[in-house]
Structures are given as structure tokens and as C-alpha cells.
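Have a look at the structure below before the remarks.
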């Protein structure tokens, strides 16, 4: 029985793109955040060496030529050379930012690194000894390409791989005899398994902002002697965005909330020993509306406690923000008041109860917003409409309800809060 074919498929390193989306960066994390894209990419190459793969597929956007940074080319060259020393080939197609034609002419790539045109599909055979074990058809990013029709694979025995970069619809990649589509250009890992074929975007190796949450990594592929393909997602990110949702009651006590948050935080730390985790906490509420837990001082106190307890030193969980969910309902008596607040809430309530009343949000957009962007503002889903109106109601409460006060809390809770503050 012949040895299985093993290869790594990675893309979208974006080595020179920093992590963003943080309103403040603690001093002890500055170096980690700055080096995270490189550490994540390094784990890809280290894995390939450890597993002694046959080859590595890189589907573009490894770095940006226009950044002018010498660090990224130097980093890639160093790792390409290490792979070459082990006889591991690299097949690299261009993304939108890293066309190999613009690689510095003074830096010679190893012969084991094969790059491809973006205007035509080129075909390369990968050999193990003198035997062909895979055929790679590749072309870099081309904004005019809409499907995979140009990738004409040879019939017969052997593994056929298409290597390219673009945000295609998976259903448009239907060319016969392609067994694995090695795609790049989507930062969220996406895979479509179908009979005899796999279409895969491994995603970026390092999430850069809160919208790129969850594990990031690359694909490790094994093909057995019968041609069966097994794809394994391998995480390699150094910093991971993990938003958290916690269910609480509106009258939750500080100690009770901290117990719940502690349990979740310790689980995150235990589950992500190789990552620094960045978490925004959203507290989903139930019960009668309580303005106290929506006061900025209350959220700030919880946030500072989370940072002191779990974010300093090497514990690995940095909390970026604590938000309390916009309430699903407000006290009914507020809607009935003969006040500006009551009038405002009744107006919002009419939109909440009658979907036929349109939200003319485009009237409030700057004149520079036009075309598709303006159209997207005009189209509001039912869920987004509900959230928008709930937030609008809270804006009115915040500005018009300064006379509203939180119900008196009992002396036990006052003592509890004072004890916690003294302890901190």
C-alpha cells in the first residue's frame, strides 16, 4: 500500500496587517498583538515540517507589496528555505496584494517554490521520486474570473488540485476531475464537501478584528491510496476574538454576576491555552427593567474587575468591553405618561407594533452615501428593525428620563458592593 499524499493548504496571512478594533491596548499585550500575524503563519510552516508533508499550497494575500515592509518577504524566504531543505515544495498563487511578479528581484526564491500567472491557468505535476502523485492547476487572482471553467483537469488516475484566489460561489466551481479546490480570498473558513471533490477556503490564519471571531487556521489534507480525501482544520492563531453572551436577570447582584463571569472566563482560558483571547461581553437580560445595570459606572466596574482578575500577566483573557443588552420591553407606565418621554415611547411603539411603517433611515445618512451602500441602508431585516427600535427607545430613556431613579436596593447589597470595592 502506497503512503498517503499529505499537504497543507493556507492563505490570507496578511502579514503586514495589524490587529485592530481595540479602543485601548494594555502594555503587556503590545508585542503579542504586533507579532500575532507572523506567529500564526510560523505555525503553518512548522506544522508542515513536523508532518513531513509532500507540499504546501498557498492561495494568496500572504502580504501586501505596497506596504513597503522588508520583514514579510524576509520571513517568507526564511521559511521557504527551511521547507526546501526538507524537499518540501511550495505552490503559491497570487491574491489581490501579493503578486509574485512583484517579489523583490534581489531576493531569489528557492527552486522548490513555484509561482503562477494570474492571466492563464498553468499546470504543474508534483512528483514523488519519478512518480506523479498530483497535478496542480493554478492561476492567481483575476477580478474578471467568475467561475472555475478555465481549470480543465486531465482525466485518469492521480490527484488533481485547482489552486486559485477569489470570492467565488462554491456552486460555480464544477469542473470535472478536480478533487480539491484550494481557494483563497475568504477570511472565514468555508468548505463544501461533495461526491469526489472538496472546495475549501481555509480562511485567514489570524483574525484581525472583532468580526473575524473564532478559531483561525489552515487545512491539513490526507489522500489515501483509494483517493479518499480527509480534510482537517488546524487552528494556528495567536490571538483569538471570542465574543461572549451571558444570560442574567435585571436585578442580578454583583457577587452573583461575578461568579457567573468567573466560571465562563476560566473555561475560556482552559480551552485556549495557545491563544490570547479578546472578549467583548454582552449581558442578555430577563425580568423587569433595571436602569442601574445600564449605568456606565456599573459596566466599567465589571470590566475593570474582569481585566484585573483574568487579563493581567499570562492568564490570557483580555476583556475589551462589557455591554448590557437593550431591554426587550420598558415599564408600561412610562408609555402612558403625559411627558415628552411618554410621547416619544408611544411613537417608537407604533413602529414596533406595525411593520408596515417604514424606517426611512436614508434621510439621516450623509449625502456622500450613495448607490449600493444607500440601498443596503434602505433594506432592513425584521431582526435588525427590532434591534434598531429597541435601541431608539433606550436613547429616549437615557436623554429624557433623568427623573427616573433606580428602586432602592437593600442594605445587604450595599454592604456587598462596599466590601468588594474595599477588597479590590
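The values are calculated or read from the model by the stated rules, or taken from the named source; none is laboratory data. Worth saying up front: this structure is predicted, and the values here are computed from it rather than measured. All Cβ positions, even for glycine, are placed from backbone atoms using ideal geometry, and neighbour counts span all protein chains on display.
Assorted remarks:
- Flag for residue 203 being surrounded by 24 or more Cβ atoms within 10 Å (Cβ to Cβ) and at positive phi: yes
- Hits in the range 121-132 (condition: surrounded by fewer than 19 Cβ atoms within 10 Å (Cβ to Cβ) and either in a strand (DSSP E or B) or within 30 Å of the chain's Cα centre (by Cα) (or both)): 122, 123, 124, 125, 127, 128, 131, 132
- For the range 102-120, the set of residues classified as surrounded by fewer than 18 Cβ atoms within 10 Å (Cβ to Cβ) and within 20 Å of residue 61 (Cα to Cα) consists of 102, 104, 105, 107, 108, 110, 117, 119, 120, listed by residue number.
- Single condition residue 328 does not satisfy, out of (1) within 26 Å of the chain's Cα centre (by Cα); (2) part of a loop (DSSP other than H, G, I, E, B): (1)
- From the list 109, 22, the lone residue that is more than 22 Å from residue 237 (Cα to Cα), in a loop (DSSP other than H, G, I, E, B) and touching a strand residue (DSSP E or B) at 6+ places or on another chain (Cβ under 8 Å) is 109.
- Residue among 54, 64 that is buried (at least 20 other Cβ atoms within 10 Å of the Cβ) and in the same structural domain as residue 215 (by TED's automatic domain parsing): 54
- Taken over the range 259-284, residues that are crowded, with 17+ Cβ neighbours inside 10 Å and under 18 Å from residue 234 (Cα atoms) amount to 4.
- Some residue of the range 8-18 being at negative phi, assigned to a helix (DSSP H, G or I) and in contact with a helix residue (DSSP H, G or I) (Cβ under 7 Å, 6 or more places away or on another chain): no
- Of note, residue 69 satisfies the criterion of being outside any helix (DSSP H, G or I) and farther than 12 Å from residue 11 by Cα.
- Some residue of the range 157-164 being without any contact (Cβ under 8 Å) to a residue 24 or more places away in the chain, within 26 Å of residue 232 (Cβ to Cβ) and assigned by TED's automatic domain parsing to the domain that holds residue 205: yes
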